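Chemist: One structure is given below, represented as structure tokens, and several questions about it will come after.
The values are calculated or read from the model by the stated rules, or taken from the named source; none is laboratory data. Bear in mind the structure is a predicted one, so any value in this text is a computation, not a measurement. Here the Cβ positions follow ideal geometry from the backbone for every residue, glycine too, while neighbour counts run over all protein chains shown.
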Amino acid sequence: MKCDVLILGGGAAGLMCAITAAKRQQNVVVIEKSNKVGKKILMSGGGRCNFTNLIVDAEHFISNNPKFCKSALKRFMPEDFIKMIEEHGIEYEEKKHRQLFCVNSSKDILNMLLLECSSLGVKIHTDCEVSSIKKIGINELKERYEATLHLSSGNRVVNTKSLVVATGALSIPTLGGSGFGYELAKQLNLPLVTRQASLVPFMFNDNVKNLCEELSGLSVDVVVTANKKQFEESMLFTHRGLSGPAILQISNYWKPGDSININLLPEIDVASVLLNKKRDGQKITLKRIFSPLLPKALLFQLEELWWSNLKDLNLSEISDSSLRSIGNQFNKWSLKPSSTEGYRTAEVTLGGIDTSVINSKTMEIKNYPGLFFIGEVVDVTGHLGGYNFQWAWASGFSAGQFA
């Protein structure tokens with residue numbers, strides 16, 4: 001079997017690459033190890049796919065080379081994908097932080113991509129494992145790579161001019177994530193940036209874990225800080241620890257052993273407010289002050305944690321130092337996660353193929369003509385909010401123009 005472009009991985013990046021290459025009259029084959037393509041697309045955004053963001057620039061991405069992503073992101077912009085879905089009549093809506101979601105279902109996005117592939121003659125094979133990859137030549141006009149595929153019907157050898165690795169990464173293995181791209185990179189002596197689970201909830205031990213269990217399902221708006229980065233978003237208590245957008249965002253910057261700081265009342269200098277109320281002679285308990293500001297269940301837990309021996313006292317009976325300490329806890333609650341939930345629930349993988357060996361314009365490996373790496377397998381990780389999908393579309397489109 002021969003083809004012009006063989007794409008390993010039928011996710012967002014792989015399908016976009018297939019469509020782009022097929023529009024150039026290339027004979028394209030997509031290989032997917034799962035039983036169907038686009039599983040991550042289907043589950044994203046709570047089933048409504050946060051497919052891009054209206055404001056996309058390099059500062060929304062993490063990489064050892066922060067400038068690497070700029071070329072692809074300029075080549076295929078959010079408005080290009082929006083135009084595509086509008087042509088297919090897909091309804092979408094803007095939510096906070098300029099995020100775009102499908103009005104109906106993530107299936108709309110996947111069906112659009114599959115319809116485009118079908119109309120352009122792209123062949124898609126599912127339940128197909130890659131047994132081996134071999135380099136067989138460097139001539140631009142002939143096949144350069146040989147892939148041995150394992151299908152239910154037996155093994156098949158495919159020779160291809162261009163090989164595109166869009167295998168995703170280690171996050172959520174049940175949706176098809178794998179380390180195949182990294183193993184291939186090692187085989188070819190390509191450098192790798194250390195990987196870790198990213199956009200992922202935190203877990204805790206002991207008392208904090210118990211507190212989180214008690215508050216499981218409760219969400220509050222906070223500012224979370226770690227390693228000089230901060231995000232203002234909602235935080236969700238879970239039976240394992242902490243999740244929600246603010247936590248997922250800061251997980252990109254957290255390292256094992258680090259603490260995170262949570263500001264529960266970011267609009268208020270709590271210590272100053274408490275001291276001023278005391279000086280004004282207000283006869284009021286701490287609980288009554290905070291009752292309008294925080295959910296009752298959370299306030300009960302914090303009272304037990306921070307001022308259980310003072311809960312029946314009025315402000316006038318509490319020392320200034322105690323009020324200052326309690327106020328500072330609200331504005332800078334320091335917690336040390338024991339770990340993250342790991343790749344099982346991580347939305348993406350931080351790190352990957354070192355961009356120093358990739359042409360930022362074409363996504364081609366510099367010393368391997370016809371070999372491309374795109375999407376999550378590359379050392380480019382977006383913030384929460386549609387950025388990782390935009391990187392998938394942009395890197396897939398860029399490779400598709402040259403594969």
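Chemist: Let me spell it out: the conditions are (1) surrounded by fewer than 24 Cβ atoms within 10 Å (Cβ to Cβ); (2) part of a helix (DSSP H, G or I), and residue 24 meets all of them except one. Which number is the exception?
Modeler: Residue 24 satisfies all of (1) surrounded by fewer than 24 Cβ atoms within 10 Å (Cβ to Cβ); (2) part of a helix (DSSP H, G or I) except (2).
Chemist: Suppose we filter 145, 182 for residues that are under 23 Å from the mean Cα position of the chain (by Cα) and either over 24 Å from residue 56 (Cβ atoms) or exposed (fewer than 13 other Cβ atoms within 10 Å of the Cβ) (or both); which single one remains? Let's see the steps before the verdict.
Modeler: Values: 145 fails: under 23 Å from the mean Cα position of the chain (by Cα).
The match here is 182.
Conditions tested, residue by residue: (1) part of a loop (DSSP other than H, G, I, E, B); (2) over 30 Å from residue 93 (Cβ atoms).
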| position | (1), (2) |
| --- | --- |
| 289 | no, yes |
| 293 | yes, yes |
| 297 | no, yes |
| 301 | no, yes |
| 323 | no, yes |
| 327 | no, yes |
| 368 | yes, yes |
| 385 | yes, no |
| 390 | no, no |
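Chemist: I want to confirm something. Restricting to the stretch 350-389 and keeping residues that are of a type in the set (S, T, N, Q) and under 30 Å from residue 159 (Cα atoms), which single residue is farthest from the chain's Cα centre (by Cα)? Talk me through it step by step, then tell me what you get.
Modeler: Within the stretch 350-389, the first condition is being of a type in the set (S, T, N, Q), and the residues that meet it are 355-356, 359-360, 362, 367, 381, 388.
Remaining after also requiring under 30 Å from residue 159 (Cα atoms): 355-356, 359-360, 362, 367.
Details: 355: 18, 356: 22, 359: 23, 360: 21, 362: 23, 367: 29 Å.
Checked the stretch 350-389; the qualifying residue farthest from the chain's Cα centre (by Cα) is 367.
Chemist: Shifting gears a bit: Residues in the stretch 230-242 that are closer than 15 Å to residue 332 by Cβ and surrounded by fewer than 16 Cβ atoms within 10 Å (Cβ to Cβ): how many?
Modeler: The number of residues fulfilling the criteria is 1.
Chemist: Suppose we filter 141, 175, 151, 113 for residues that are within 16 Å of residue 30 (Cβ to Cβ) and modelled with pLDDT under 90; which single one remains?
Modeler: Values: 141 fails: within 16 Å of residue 30 (Cβ to Cβ); 175 fails: within 16 Å of residue 30 (Cβ to Cβ); 113 fails: modelled with pLDDT under 90.
Criteria check complete, one pass: 151.
Chemist: Oh, and also: Any chance the stretch 203-223 includes a residue that's among the basic types (Lys, Arg) and either assigned to a strand (DSSP E or B) or loosely packed, with under 14 Cβ neighbours inside 10 Å (or both)? Show your work before the answer.
Modeler: If we filter the stretch 203-223 for residues that are among the basic types (Lys, Arg), which is where we start, we get 209.
Then drop every residue that is not either assigned to a strand (DSSP E or B) or loosely packed, with under 14 Cβ neighbours inside 10 Å (or both), which leaves none.
No; the residues of the stretch 203-223 include none that is among the basic types (Lys, Arg) and either assigned to a strand (DSSP E or B) or loosely packed, with under 14 Cβ neighbours inside 10 Å (or both).
Chemist: Only one residue in 295, 245 is touching a residue at least 40 places away in the same chain (Cβ under 8 Å) and surrounded by fewer than 19 Cβ atoms within 10 Å (Cβ to Cβ), so which one is that? Steps first, please.
Modeler: Values: 245 fails: surrounded by fewer than 19 Cβ atoms within 10 Å (Cβ to Cβ).
It is 295.
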